[in-house]
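The values are calculated or read from the model by the stated rules, or taken from the named source; none is laboratory data. In this text the structure is predicted, and so the values were computed from the model without any measurement. Please note: Cβ atoms are built from the backbone with ideal geometry, for glycine as well, and neighbour counts cover all protein chains shown.
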Amino acid sequence: MTRYRNVVLFLLLAAVWGSAFTAIKAGLADIPPVLFAALRYDIAGVIMLGYAWYATEQFLPRTRKQIALVVVGATLLIAAYHALLFVGEQGTTSGAAAVIVSLNPVLTVGFTRLFFPNERLSTLGLVGIGLGLAGVAVLSQPDPTNLFGGNTMSEFLVFLASAAFALGSVLTRWIDADLPIETMEAWSMVGGAALMHVVSVLLGESMADAVWSPTAIVSLAYLALAASAAGFLIYFDLLDRLGPVEINLVSYAAPVVASITGVALLGDRVTAATAVGFFLIFTGFYLLKRAALRSEIRRVLDAR
């Protein structure tokens, strides 16, 4: 029964996080991008603070390392990632954005090499990183004579968003602070929302620019309540039960959901470049994590 529970929660998380890209794309028609991202985490941050207060024995970060952990989470995992993602999604499809974000596990391995030199990459590991980057290049199809035109710049911003998240993930491990993950996520959300409000003001965005249409309201509510608050609660539960390797596979289920919902709700087109880019990124992930994936498969088969 537990195995089926994990499968159901995994599929639910993939559905929620995959459809979040479509919700972002829909809401961007009515709300300025960075303001949109900030409002999302205003709501989600308050909910996660309540959960952290209820579920953990340490509600506040106390030591310098714990504070540094929250600062990294707020700046990279929340503010930089979401500000760049929301701005980038203005010029690309929800499916393409999800595919680029699925590069995150590959980039994480690359950044790990910088901060943990003893964790050396094999030749196949280096090939895996190369394939991941090639997948993004195929997807964005940059025109050397017009790098700032078409979808290229938007998809490059999404790539930077994924890189910011990957770097933040590695730095949280490097800092190695003993802080409950729920507490870290809650205060990171609140701090990240505050930073995005500052950036939003500097960019000249204003609440007066937002059009509170039914689509905008539903998109914001879905992102804050389902994708952020409920999504992270499911993520925490599965991370504890499945471990980081299996939970990473959500990154590869999400683009499928994003593409389906984007086509159904927004009229997005799934191109051959999207499929090829996804295949290259997934292959890169497999080459990097092949040993861990084989171990997990054996563990699952032995448990039957």
List pairs: first in region 4-26 and without any contact (Cβ under 8 Å) to a residue 60 or more places away in the chain, second surrounded by fewer than 24 Cβ atoms within 10 Å (Cβ to Cβ) and part of a helix (DSSP H, G or I), Cβ under 9 Å, 6+ apart or cross-chain?
Arg5/Arg241
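Those residues that are closer than 18 Å to Asn151 by Cα and either touching an Asp or Glu at 6+ places or on another chain (Cβ under 9 Å) or touching a residue at least 40 places away in the same chain (Cβ under 8 Å) (or both), I need them from region 272-289; list them, please. Break it down stepwise before answering.
Filtering region 272-289 for residues closer than 18 Å to Asn151 by Cα gives 272-278.
Once the filter is applied, which keeps residues that are closer than 18 Å to Asn151 by Cα and either touching an Asp or Glu at 6+ places or on another chain (Cβ under 9 Å) or touching a residue at least 40 places away in the same chain (Cβ under 8 Å) (or both), region 272-289 yields Ala273, Thr274, Val276, Gly277, Phe278.
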Screening Arg113, Arg40 for residues that are among the charged types (D, E, K, R) and at pLDDT below 85 leaves only Arg113
Of the numbered conditions (1) without any contact (Cβ under 8 Å) to a residue 24 or more places away in the chain; (2) buried (at least 23 other Cβ atoms within 10 Å of the Cβ), Ile67 fails exactly one; give the number of that condition.
(2)
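Which of the residues that make up region 39-55 are among the hydroxyl-bearing types (Ser, Thr, Tyr) and loosely packed, with under 15 Cβ neighbours inside 10 Å? Quick ask: steps written out before the conclusion?
Filtering region 39-55 for residues among the hydroxyl-bearing types (Ser, Thr, Tyr) gives 41, 51, 54.
Correct list: Tyr54 only.
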Scan region 152-177 for residues that are over 18 Å from the mean Cα position of the chain (by Cα) and either buried (at least 23 other Cβ atoms within 10 Å of the Cβ) or part of a helix (DSSP H, G or I) (or both) and jot them down.
Thr152, Met153, Trp174, Ile175
